[in-house]
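**Q** This structure is in structure tokens; I'll ask about it shortly.
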Amino acid sequence: MTYLTKTVPFLLAAAVLLVSAGQVAAANKHLEPTCCAPQPPTPCCYEPCFRYKTHKLFAKKACPCDCGPPVEAILQVVDPRFNCFVDVPVCLPSCCQDMPKIDSRCGLFKRGIVEYEWCCGFKIKMVFKHGGHVDVHYYGL
């Protein structure tokens with residue numbers, strides 16, 4: 001065996017170790033707490049214009065109990081497109097007192113969609129559109 005055939009496998013092994021060490025260092029860099037912490041939402045820089053619509057067709061009846069008058073509330077909803085929040089005034093049935101399940105996503109045509117759903121069957125869907133328009137859809141009334 002020549003000197004070259006003896007040293008090439010050793011050099012290749014050393015190169016693999018160096019590349020692996022570099023990948024581990026890069027992976028550890030991404031695990032630092034400062035880069036993984038989510039940014040808290042800030043107030044949105046646009047003034048929203050709200051449009052409300054109640055959907056009675058294809059919606060199950062919420063609040064099978066005898067409900068009192070609706071309760072006015074303000075939901076602080078995060079626009080998923082920009083990670084900023086908007087105060088959305090809504091009316092809730094008085095029997096929906098538990099915490100809602102929240103689903104947030106970006107939809108077609110660069111719209112942000114946020115859905116609030118209560119155990120009583122009531123659901124509110126907010127669609128954030130271009131130009132600061134927010135469509136608020138009520139289901140289950």
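The values are calculated or read from the model by the stated rules, or taken from the named source; none is laboratory data. This is a predicted model, so every value here is computed, not measured. Glycine gets a Cβ as well: all are built from the backbone with ideal geometry, and neighbour counts include every protein chain shown.
**Q** For the stretch 94-102, does any single residue satisfy the condition of being charged (D, E, K, R) and either outside the structural domain of Glu47 (by TED's automatic domain parsing) or closer than 24 Å to Thr42 by Cα (or both)? Before the answer, list the steps.
**A** So the first thing to find is which residues in the stretch 94-102 are charged (D, E, K, R), and the list is 98, 101.
Narrowing the set further to residues that are either outside the structural domain of Glu47 (by TED's automatic domain parsing) or closer than 24 Å to Thr42 by Cα (or both) leaves 101.
Among the residues of the stretch 94-102, at least one is charged (D, E, K, R) and either outside the structural domain of Glu47 (by TED's automatic domain parsing) or closer than 24 Å to Thr42 by Cα (or both), which makes the answer yes.
**Q** Restricting to the stretch 121-138, name every residue that is buried (at least 19 other Cβ atoms within 10 Å of the Cβ) and over 18 Å from the mean Cα position of the chain (by Cα).
**A** Correct list: Phe122, Tyr138.
**Q** Just the residues that are farther than 13 Å from Arg81 by Cα and outside any strand (DSSP E or B), please, taken from the stretch 100-130.
**A** Passing the criteria: Pro100, Trp118, Cys119, Cys120, Gly121, Phe122.
**Q** Now a separate question. Would the stretch 6-14 turn up any residue that is modelled with pLDDT under 90, in the same structural domain as Val114 (by TED's automatic domain parsing) and either closer than 27 Å to Cys120 by Cβ or of a type in the set (S, T, N, Q) (or both)?
**A** Looking for residues that are modelled with pLDDT under 90, in the same structural domain as Val114 (by TED's automatic domain parsing) and either closer than 27 Å to Cys120 by Cβ or of a type in the set (S, T, N, Q) (or both), one finds none in the stretch 6-14, hence no.
**Q** Can you go through Pro100, Pro80, Pro89 and tell me which one is modelled with pLDDT of 85 or more and over 23 Å from Pro38 (Cβ atoms)?
**A** Details: Pro100 fails: over 23 Å from Pro38 (Cβ atoms); Pro80 fails: over 23 Å from Pro38 (Cβ atoms).
Result of the check over Pro100, Pro80, Pro89: Pro89.
**Q** Filter the stretch 131-141 down to residues that are among the aliphatic types (A, V, I, L, M) and part of a strand (DSSP E or B) and give me whichever is nearest to Ile74 (Cα to Cα).
**A** The initial filter retains those residues of the stretch 131-141 that are among the aliphatic types (A, V, I, L, M), namely 134, 136, 141.
Checking the rest, the ones that are also part of a strand (DSSP E or B) come to 134, 136.
Details: Val134: 14, Val136: 12 Å.
Per the criteria, the residue is Val136.
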